[in-house]
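Novice: Input: one structure, supplied below.
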Amino acid sequence: MPQEKSIDPAALEMLRYAEGCGIGTAFTRADEMKPCPIGEAGACCRICSMGPCRLVGKDAEDKTGICGADLPTIAARHFARQVAGGVAAHSDHGRDMAMTLVAVAKGEAAGYVVKDEQKLMAVAGYLGIATAGRSVNEVALEVGETALAQFGQPFGEVATTRRATAKRQALWKKLGLTPRAIDREVTEVMHRTHEGVDLDAENILKSALRCSLADGWGGAMLSTDISDILFGTPSPLASEVNLGVLKADQVNVVVHGHEPTLSAMMVEASRDPELIAAAQAKGAAGINLAGICCTANEILMRFGIPPAGNFLHQELAVLTGAVEAMVVDVQCIMQALGPLSQRFHTKLVTTSPKAKIPGAVHVEFDEQRAPETAREIVRLAIDNYPNRGPVHIPDYHEPLVAGFSHEYLNYMQGGFHRSSFRPLNDAVIAGRVRGLAAVVGCNNARVTQDLAIVELIKSFIARDVMVVVTGCAATAGAKAGYLSPEILDSAGPGLREVMEAIGIPPVLHLGSCVDNSRILTVLTQVATEGGLGEDIDDLPAVGLCPEWMCEKAIAIGTYFAASGAHVIFGVGSPVRASSVVTGLMTSGWERLVGGDLEFEPDWNRMLERSLELIDAKRAALKLPPYDPAQFGDSGDTPYFAAIRAYLAEHDGAETVGSPAYPLGEGAGHGHTHGPGGSPHTHDGGADHAHGAGQEA
Ligand code: BF8
Ligand code: SF4
């Protein structure tokens, strides 16, 4: 049934349209190809050519592969390799960011500058780099080189792990879990899980924990920090989301993938008056830039560019027939886009030497000539506009507020000079806020798109649990209207009162998947602010990844567990076949590091379990039990009144054809302007949003 495919009416409309055109998508391919039940549960080993060995049947836990490897070893090895794959992806992205920073500092990357000097100095501080009396570029060069050293240093430990609590750092040291160098941890997991090396499931999983920390507290954290340095630390801005952000009368360019380097240049290119004039000469009203997946989050957070959707929307965007160019870099890009784009006029443009797709045009991104590359791609899209066939854009676009960073949350709670998390901690202590939930991660074609994500967000805020979101889960929440300030009305009275007082919405978009590192530093500050214990494992907080799909999600879940958080994934467990490994990752890890990783396909049970975990932490902290009737209704603050008034008046996204502010100001106001500055706003000219606050 189509309605089982997605809760998003735009997706459902496009799936009906695809069916009419006789075109398959990931949604239909998921029906046609069932997952292999052996591999899915972690019971298949294909590490050497004596296999693949499949340990199945009622006595599977007593069987071994040809080499004698048992089910715990096989499941743990496969899981560890998934972690290593995810860490490699995030960290290689982080490395590219560091390379760009070095090139900028040396004056070799035209078009880029250090946009957020304050963040540069803060990062220099974490890395132990002197800043006094040095130029911005000198500091930037040393920050970039120090960041690069974290990948391959022969001795020492990954420097950014020093941002964890002292207690956590000591625990990691005691357990031998402190990552030494990012690449080394990935390599070591690959070595240990090679045929005939580490054959003890518990020991294999320990290496997976250490490897994951090289991501969250290493590669991903550096990626976030350097992106903030180069493109600005996010602060709140308004935009809109879903396929309806595509414009029937404009040249639509969709950027898809993960890295902000090229997409930031695409923002600039698509605002270029010369290129806009070229688009007009072809009969288009302008150039419209939109995003998919985490590239969308990167340029939403800093430039207000509207996301056209999350992971499962990539094919649907091409199906609209309105996309002149889909420009991809790395990660989460379906090969299906190659043949699909050839059935439409869409030019699929690959840009990374690491990621080519049959059927695509390759325009290689080179940071030394980034603005030219971006302009070349926009030109290609403009030239493609006259080739358009029939266009079908579903008319759904929801307003949203995004752009929350750790720095901004600090600012909101105490101003520039007295920044703190005191108001939030006090609210949790008093029970106005029951706890915190991070809802993150992917779409997965095996489950109803966005359903579990949106139901969890909705259920949490109604129960006074504050929610932070990243990645495709953030886009899912936004499409369903949960990132609109209007949603304050759906929050429980205690949460609502606090959010109004602080001046933030109950669901905070913290960015892309590498920006999950922001959640680590936020939790660390909450834990050290006072009154809620000493470390992340003391907090009434839980992490959820309801629709996990890829190895990066597994890496993220693992580093949150290793940092002390309880983590619950949806869909299904990749180690289900082994009760031993399941036990090691739940009670075993909880004893070891205070956090754990559980898998629960039913979102209702994910919710129950989350609330149980949150309430248990409250009890352990001797906080008053959560009482939903304790706090009454509250009024509106001027902050929300202002956002509401803005949305009522402007109801629409920024389009790059009509910039309301020059690119150079993008997010540079992050630290210096306050919340008093209105959220980034733009003159949209978009028509009305549909399905606001739609229910699943
Ligand atoms: O890095 S949430 S589907 S786009 S992996 Fe991919 Fe998953 Fe989306 Fe972002 Ni994250
Ligand atoms: Fe089979 Fe062992 Fe080879 Fe794995 S490593 S495929 S269990 S023989």
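The values are calculated or read from the model by the stated rules, or taken from the named source; none is laboratory data. Being a predicted model, the structure only gives us computed values, none of them experimental. Cβ placement follows ideal geometry from the backbone for every residue including glycine, while neighbour counts extend to all protein chains displayed.
Novice: Which residues, counting only those in region 159-171, are closer than 15 Å to TYR559 by Cα and either in a loop (DSSP other than H, G, I, E, B) or in contact (Cβ under 8 Å) with a residue 60 or more places away in the chain (or both)?
Specialist: Correct list: THR160, ARG163, ALA164, THR165, ARG168, LEU171.
Novice: Then there is this: Give the residue, chosen from SER235, SER239, SER263, that is in contact with a helix residue (DSSP H, G or I) (Cβ under 8 Å, 6 or more places away or on another chain), more than 16 Å from ligand 1 (Cβ to nearest atom) and at pLDDT below 95. So that I can check it myself, show each step before the final result.
Specialist: Working: SER239 fails: at pLDDT below 95; SER263 fails: more than 16 Å from ligand 1 (Cβ to nearest atom).
Of the residues listed, the single one that is in contact with a helix residue (DSSP H, G or I) (Cβ under 8 Å, 6 or more places away or on another chain), more than 16 Å from ligand 1 (Cβ to nearest atom) and at pLDDT below 95 is SER235.
Novice: Is it the case that some residue within region 386-408 is aliphatic (A, V, I, L, M), part of a helix (DSSP H, G or I), closer than 15 Å to GLY481 by Cα and at pLDDT 95 or above? Break it down into steps so the answer makes sense when it comes.
Specialist: Here is the first cut: in region 386-408, the residues aliphatic (A, V, I, L, M) are 391, 393, 400-402.
Okay, now just the ones that are also part of a helix (DSSP H, G or I), so none.
There is no residue in region 386-408 that is aliphatic (A, V, I, L, M), part of a helix (DSSP H, G or I), closer than 15 Å to GLY481 by Cα and at pLDDT 95 or above.
Novice: Also, I was wondering about something else. Among the numbered criteria (1) in contact with a strand residue (DSSP E or B) (Cβ under 8 Å, 6 or more places away or on another chain); (2) in contact (Cβ under 8 Å) with a residue 24 or more places away in the chain, which one does PRO493 miss?
Specialist: The one condition PRO493 does not meet is (1).
Novice: Pairs only if they're at least six apart or on different chains, beta carbon under 6 angstrom, first in region 597-624 and closer than 26 Å to ALA430 by Cβ, second of a type in the set (S, T, N, Q) and surrounded by 17 or more Cβ atoms within 10 Å (Cβ to Cβ); list them, first residue then second.
Specialist: LEU607/SER459
Rundown of residues vs (1) among the acidic types (Asp, Glu); (2) under 16 Å from the mean Cα position of the chain (by Cα); (3) surrounded by fewer than 22 Cβ atoms within 10 Å (Cβ to Cβ), yes/no style:
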{"site": "ALA452", "(1), (2), (3)": "no, no, no"}
{"site": "GLU455", "(1), (2), (3)": "yes, no, yes"}
{"site": "VAL465", "(1), (2), (3)": "no, no, no"}
{"site": "THR475", "(1), (2), (3)": "no, yes, no"}
{"site": "TYR482", "(1), (2), (3)": "no, no, no"}
{"site": "PRO485", "(1), (2), (3)": "no, no, no"}
{"site": "SER490", "(1), (2), (3)": "no, no, yes"}
{"site": "GLY494", "(1), (2), (3)": "no, no, no"}
{"site": "VAL498", "(1), (2), (3)": "no, no, no"}
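Novice: So ALA277 fits all but one of (1) in contact with a helix residue (DSSP H, G or I) (Cβ under 6 Å, 6 or more places away or on another chain); (2) free of Cβ contacts under 8 Å to residues at least 12 places away in the same chain; what number is the exception?
Specialist: Among (1) in contact with a helix residue (DSSP H, G or I) (Cβ under 6 Å, 6 or more places away or on another chain); (2) free of Cβ contacts under 8 Å to residues at least 12 places away in the same chain, ALA277 violates only (1).
Novice: Does GLY431 count as on the phi > 0 side of the Ramachandran plot, surrounded by fewer than 24 Cβ atoms within 10 Å (Cβ to Cβ) and away from ligand 1 (no atom under 16 Å from the Cβ)? Break it down stepwise before answering.
Specialist: Numbers: on the phi > 0 side of the Ramachandran plot: yes; surrounded by fewer than 24 Cβ atoms within 10 Å (Cβ to Cβ): yes; away from ligand 1 (no atom under 16 Å from the Cβ): yes.
Answer is yes for this residue.
Novice: Let me ask something additional. In region 606-622, what residues are more than 22 Å from THR528 (Cα to Cα) and either in contact with a helix residue (DSSP H, G or I) (Cβ under 6 Å, 6 or more places away or on another chain) or in a loop (DSSP other than H, G, I, E, B) (or both)? Before you say what the answer is, go through the steps one by one.
Specialist: Step one: list which residues in region 606-622 are more than 22 Å from THR528 (Cα to Cα), which gives 606-612.
Within region 606-622, just LEU607 meets the criteria.
Novice: Being surrounded by 15 or more Cβ atoms within 10 Å (Cβ to Cβ) and either basic (Lys, Arg) or more than 14 Å from HIS90 (Cα to Cα) (or both), is that true of even one residue in region 210-220?
Specialist: Yes, some residue in region 210-220 is surrounded by 15 or more Cβ atoms within 10 Å (Cβ to Cβ) and either basic (Lys, Arg) or more than 14 Å from HIS90 (Cα to Cα) (or both).
Novice: Please go through region 175-204 and give me each residue that is within 16 Å of ligand 2 (Cβ to nearest atom), under 20 Å from VAL87 (Cα atoms) and loosely packed, with under 15 Cβ neighbours inside 10 Å, ordered by number. Break it down into steps so the answer makes sense when it comes.
Specialist: Initial filter on region 175-204 (within 16 Å of ligand 2 (Cβ to nearest atom)): 189-201, 204.
Filter once more, so that each one left must be under 20 Å from VAL87 (Cα atoms): 189-194, 198, 201, 204.
Result: HIS191, HIS194.
Novice: Also, I was wondering about something else. List every residue pair whose Cβ atoms sit under 6 Å apart, with the two residues 6 or more apart in sequence or on different chains, where the first one lies in region 172-197 and is under 13 Å from LEU213 (Cα atoms) and the second, anywhere, is within 16 Å of ligand 1 (Cβ to nearest atom).
Specialist: So the pair list comes out as ILE182/SER91; ILE182/GLY219; VAL186/ALA84; VAL186/VAL87; VAL186/ALA88; VAL189/ALA84.
Novice: Does ALA98 qualify as being under 30 Å from SER223 (Cβ atoms), part of a helix (DSSP H, G or I) and touching a Leu at 6+ places or on another chain (Cβ under 6 Å)?
Specialist: On the way: under 30 Å from SER223 (Cβ atoms): yes; part of a helix (DSSP H, G or I): yes; touching a Leu at 6+ places or on another chain (Cβ under 6 Å): yes.
So ALA98 passes the test.
Novice: Moving to a separate point now. Considering region 581-594 alone, what residues qualify as being touching a helix residue (DSSP H, G or I) at 6+ places or on another chain (Cβ under 8 Å) and either under 22 Å from ALA541 (Cα atoms) or surrounded by fewer than 18 Cβ atoms within 10 Å (Cβ to Cβ) (or both)?
Specialist: Pass one, region 581-594, residues touching a helix residue (DSSP H, G or I) at 6+ places or on another chain (Cβ under 8 Å): 581, 584-585, 588-589, 592-594.
LEU584, MET585, GLY588, TRP589, LEU592, VAL593, GLY594 - these are the residues of region 581-594 that are touching a helix residue (DSSP H, G or I) at 6+ places or on another chain (Cβ under 8 Å) and either under 22 Å from ALA541 (Cα atoms) or surrounded by fewer than 18 Cβ atoms within 10 Å (Cβ to Cβ) (or both).
Novice: Report yes if some residue within region 333-350 is among the polar types (S, T, N, Q) and touching a residue at least 40 places away in the same chain (Cβ under 8 Å); otherwise report no. Show your work before the answer.
Specialist: Of all residues in region 333-350, those among the polar types (S, T, N, Q) come to 335, 341-342, 346, 350.
Within this subset, residues satisfying the condition of being touching a residue at least 40 places away in the same chain (Cβ under 8 Å) are none.
No; the residues of region 333-350 include none that is among the polar types (S, T, N, Q) and touching a residue at least 40 places away in the same chain (Cβ under 8 Å).
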